[in-house]
Every structure is written in C-alpha cells, then in structure tokens.
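**Student:** My questions all concern the structure below.
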Amino acid sequence: MKLEGRVAIVTGAGTGMGQAIAELFAAEGAKVLVNYRVSKAEAEEVVAKIRDFGGDAVTHQADVSQDAEARSMMQAVDERWGRLDTLVNNAGWSKVTPHHQLEELTDEIWNRTLNTNLRGAFYCSRAAAPLLRRQPGASIINNTSASAWHATGSSIVYAASKAAMVNMTKSLARVFAPEVRVNAIAPGLVRTRFAGWPDSTFEEGPKISPLRRISTVEEVAKVCLFLAADATAITAETILIDCGKTQLG
C-alpha cells in the first residue's frame, strides 16, 4: 500500500471529493482525520466505512476559516498519531451567483467564499507546517478549480478565490521547500452536491468536453494519491482534472 504508516488530514471530507480522497488514502494504508464543519453524520459514515475495511480514521469538527480551529485540528492529529504526512486542503464553499448579476454578489458571499476557500487553506497549511516538516516526503495538496483559468463557474468570487489558491500554492511551495512539497489539483465539473448545481449542469457538461464526459470524484482522489505518494520530484504544480476542457476547449 502506497501510504502505509502515514497520516493524512482531509478537510471537508464528509462528502464529494473529500470523501473519495479520504477513503482512497485509507485504503492505501493511511490513518485519516476526516474533517467537517457541519456534515457530522456524513463524516461519521465515512469513518465507519473506513473502519469496516480495516482502516484507521477519526472525525474532527473544525471551521477551517478560523485560525484557532485549524490549529486545534493539528494538535488533535499530533496527539492521536504523533505525526502528519499529508494535508489535503479540500474544504470549500460557493453559492451559485450568475456572473452578470453583480448586485447579487453580496459582501456575505464574498467573505464566506474567500474565508473558506483561501484563508482556510492558508490557516491549515501554516498550522500543519511544523508537523509536516518532521516527516520525509510530506506534502500539501490544495483543491483549487479549473475556474481559476477560465473565470467561469458558480460565481466571480469563487473563480477569483481559486485563482488565488493557484498562486498561493506556488508561494507555499517556495516557503516550505525543501521539506514539504506543495501542489494543487484543479478539477473541472464533477458531480457532487457542491454549490447546489442542478442536474442539467451535469447533463450538459459532457457535451462540451473533449472526452465527452466529466471527471469523477474517484479520478480526483487518484490524482491526489499520486501527488501524496509518487510525485516526489513535483512541487508548485497545479494539475487540471477536467477531461481536457480547459486546455482544448
């Protein structure tokens, strides 16, 4: 198993991509802290599933946009397992707000989007750095979005926050080198409940994809596994996972 003996934190891991990442990491031998903010029942189901196949996982409630809660989460993983090898900054938030409806993009949407998507990833990375630096091969994986390139998606601020995360990934990679690699993934359209997209969005997606389909949460998780386990010479990179739409569309 590729992650035998390692410890990972996956933020926002109760549903969607975070769930798939947590379950794959556990299947590959990692002990996993399954973070959630409000999805307690779903996070507990993820942990139960991991334990059913013999893995080791715990839930941890924390709002990553709060520095104190991010630091407390790192303390919890240190107290339980005494190490941290991989941090996946997956937690995110968005509300579908058509780009042309500028007046609907309220301060509340701006603040919550930036606080969760960008500030949360920074807080967790900063808090995790001392633990990660103790482990050879440690890494951070940020979940950004293909919207960072094409500036579409659920809202203007969402796309902007994800573009900023691509930039921050490079900054952190420089700061944390050589001990910790920092990379990012940039999924395109993936069927999850994130942002509350209607079914029609996922039905139309394959029609404009070079591969005539959209990516899956399992495929996203596999790229994260590659970055955590195999990509030992890669840092400061962002990998698009969008069936070629950004590069060829």
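The values are calculated or read from the model by the stated rules, or taken from the named source; none is laboratory data. Small disclaimer: the values here were computed from a predicted structure and weren't measured. When we count neighbours, we look across all protein chains shown, and the Cβ atoms used for this are built from the backbone with ideal geometry, even at glycine. Just the protein is used for accessible areas: all its heavy atoms, side chains included, with ligands, DNA and RNA removed. Shrake-Rupley method; radii C 1.70, N 1.55, O 1.52, S 1.80 Å.
**Student:** Only one of these conditions is not met by S155: (1) in contact with a helix residue (DSSP H, G or I) (Cβ under 8 Å, 6 or more places away or on another chain); (2) more than 24 Å from E4 (Cβ to Cβ); (3) open to solvent by 10 Å² or more (accessible area, probe 1.4 Å); (4) touching a residue at least 40 places away in the same chain (Cβ under 8 Å). Which number is it?
**Tutor:** Exception for S155: condition (3).
**Student:** Residues of segment 158-167 being surrounded by 21 or more Cβ atoms within 10 Å (Cβ to Cβ) and either of a type in the set (G, A, S) or touching a Leu at 6+ places or on another chain (Cβ under 9 Å) (or both), which ones?
**Tutor:** Result: A159, S161, K162, M165.
Residue-wise test of (1) farther than 30 Å from Q135 by Cβ; (2) out of contact with any Ser or Thr (no Cβ under 7 Å at 6 or more places or on another chain); (3) without any contact (Cβ under 8 Å) to a residue 24 or more places away in the chain; (4) among the β-branched types (V, I, T).
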position	(1), (2), (3), (4)
S200	yes, yes, yes, no
E204	yes, yes, yes, no
K207	yes, yes, yes, no
P210	yes, yes, no, no
V217	no, no, no, yes
L225	no, yes, no, no
A229	no, yes, no, no
T238	no, no, no, yes
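**Student:** Then there's this: Has segment 86-105 got any residue that is part of a helix (DSSP H, G or I) and in contact with an Asp or Glu (Cβ under 9 Å, 6 or more places away or on another chain)?
**Tutor:** no
**Student:** Here is a follow-up. Kindly list, by first and then second residue, each pair from a residue in segment 36-64 that is over 24 Å from L3 (Cα atoms) to a residue that is in a helix (DSSP H, G or I) and open to solvent by 20 Å² or more (accessible area, probe 1.4 Å), limited to pairs with Cβ atoms under 6 Å and residues at least 6 apart or on different chains.
**Tutor:** If the second residue must be in a helix (DSSP H, G or I) and open to solvent by 20 Å² or more (accessible area, probe 1.4 Å), the pairs left are A62/E69; D63/E69.
**Student:** If you take the residues of segment 215-249 that are of a type in the set (S, T, N, Q) and over 30 Å from G29 (Cβ atoms), which of them is surrounded by the most Cβ atoms within 10 Å (Cβ to Cβ)?
**Tutor:** Only one residue tops the list, namely T246.
**Student:** Here's something else I'd like to know. Starting from segment 1-25, keep only residues that are under 17 Å from E218 (Cβ atoms) and hydroxyl-bearing (S, T, Y), then list their pairs with residues that are outside any helix (DSSP H, G or I) and open to solvent by less than 40 Å² (accessible area, probe 1.4 Å) whose Cβ atoms are within a distance under 8 Å, requiring at least 6 positions of separation or different chains.
**Tutor:** Listed by first residue and then by second, the contacts come to T15/S39; T15/T192.
**Student:** Would you mind stating whether E203 is at pLDDT below 95, in a helix (DSSP H, G or I) and open to solvent by 70 Å² or more (accessible area, probe 1.4 Å)?
**Tutor:** Judged against the criteria, E203 is a match.
**Student:** Let me ask something else. Somewhere in segment 64-73, is a residue more than 26 Å from R119 (Cβ to Cβ), surrounded by fewer than 16 Cβ atoms within 10 Å (Cβ to Cβ) and at pLDDT 95 or above?
**Tutor:** For segment 64-73, residues more than 26 Å from R119 (Cβ to Cβ), surrounded by fewer than 16 Cβ atoms within 10 Å (Cβ to Cβ) and at pLDDT 95 or above: absent.
**Student:** Considering only residues that are among the basic types (K, R) and assigned to a helix (DSSP H, G or I), which ones fall in segment 1-44?
**Tutor:** Scanning segment 1-44 gives a single hit, K40.
Listed here are the residues, each with its yes/no results for (1) among the acidic types (D, E); (2) farther than 16 Å from T144 by Cβ; (3) at pLDDT 95 or above.
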site: L172; (1), (2), (3): no, no, yes
site: V182; (1), (2), (3): no, no, yes
site: A186; (1), (2), (3): no, no, yes
site: L189; (1), (2), (3): no, no, no
site: A195; (1), (2), (3): no, no, no
site: K222; (1), (2), (3): no, yes, yes
site: D230; (1), (2), (3): yes, yes, yes
site: A233; (1), (2), (3): no, yes, yes
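**Student:** For segment 40-59, name all the residues that are closer than 14 Å to G29 by Cα, among the hydrophobic types (A, V, I, L, M, F, W, C) and open to solvent by 50 Å² or more (accessible area, probe 1.4 Å).
**Tutor:** F53
**Student:** Let me ask you something else. Out of everything in segment 134-180 that is of a type in the set (K, R) and over 15 Å from the mean Cα position of the chain (by Cα), what residue ends up being farthest from G205 (Cα to Cα)?
**Tutor:** The extreme case among them is R134.
**Student:** Being out of contact with any Lys or Arg (no Cβ under 9 Å at 6 or more places or on another chain), basic (K, R), surrounded by fewer than 21 Cβ atoms within 10 Å (Cβ to Cβ) and within 25 Å of T106 (Cβ to Cβ) narrows it down to one of R212, R193, R174, so name that one.
**Tutor:** Going through R212, R193, R174 in turn, just one is out of contact with any Lys or Arg (no Cβ under 9 Å at 6 or more places or on another chain), basic (K, R), surrounded by fewer than 21 Cβ atoms within 10 Å (Cβ to Cβ) and within 25 Å of T106 (Cβ to Cβ): R193.
**Student:** So P136 ticks every box in (1) farther than 19 Å from F25 by Cα; (2) open to solvent by 60 Å² or more (accessible area, probe 1.4 Å) but one. Which box is left unticked?
**Tutor:** (1)
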